[in-house]
């Protein structure tokens, strides 16, 4: 018997077990049903999100550079992460990704070795408490764009 939606688990385990595919042209990330997880047309939206996320972070009085600590939950195609790195240059950029195929691709693309970037593999529900216990949960901006979760899970 299927549980009412409000009682269903916030983690869609079957999604994390599905094989995801990046299209050959790099314009989309698709799930096993060929439904879009992320698409290139989202780039302008992500650019606006990055601006809103960080435009009010004030610089220190003695530095022309703004220290920005950002968290992105859900890497997908890395669109917002690329925008953050190229246009906002965060001093600390934390990425949490739960899907093994996406994590593998982001590592292959070198995100786990970029300066000032930390990548954590796992569900945000597991990673964030570990960061909190380590006293490492201070961010100026948080971007949260997961797939296969309900919005009420964040309430």
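All but one of (1) at pLDDT below 90; (2) in a helix (DSSP H, G or I); (3) buried (at least 18 other Cβ atoms within 10 Å of the Cβ) hold for residue 49; which doesn't?
Of everything listed in (1) at pLDDT below 90; (2) in a helix (DSSP H, G or I); (3) buried (at least 18 other Cβ atoms within 10 Å of the Cβ), residue 49 misses just condition (1).
Every residue, every condition in (1) surrounded by 14 or more Cβ atoms within 10 Å (Cβ to Cβ); (2) at pLDDT below 95; (3) within 18 Å of residue 77 (Cβ to Cβ), yes or no:
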{"site": "8", "(1), (2), (3)": "no, yes, no"}
{"site": "39", "(1), (2), (3)": "yes, no, yes"}
{"site": "45", "(1), (2), (3)": "no, no, yes"}
{"site": "57", "(1), (2), (3)": "yes, yes, no"}
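Quickly run through the range 112-140 and pick out the residues that are on the phi < 0 side of the Ramachandran plot and assigned to a loop (DSSP other than H, G, I, E, B).
114, 115, 123, 134, 136, 137, 138, 139, 140
Just checking, which of 90, 67 is part of a loop (DSSP other than H, G, I, E, B), touching a strand residue (DSSP E or B) at 6+ places or on another chain (Cβ under 9 Å), crowded, with 21+ Cβ neighbours inside 10 Å and at pLDDT below 95?
90
Could you check how many residues of the range 100-129 are touching a strand residue (DSSP E or B) at 6+ places or on another chain (Cβ under 9 Å) and touching a residue at least 60 places away in the same chain (Cβ under 8 Å)?
So the answer is 5.
The values are calculated or read from the model by the stated rules, or taken from the named source; none is laboratory data. Predicted, not measured: the structure shown is a model, and the values here were computed from it. Positions of Cβ are backbone-derived with ideal geometry, glycine not excepted, and every protein chain shown enters the neighbour counts.
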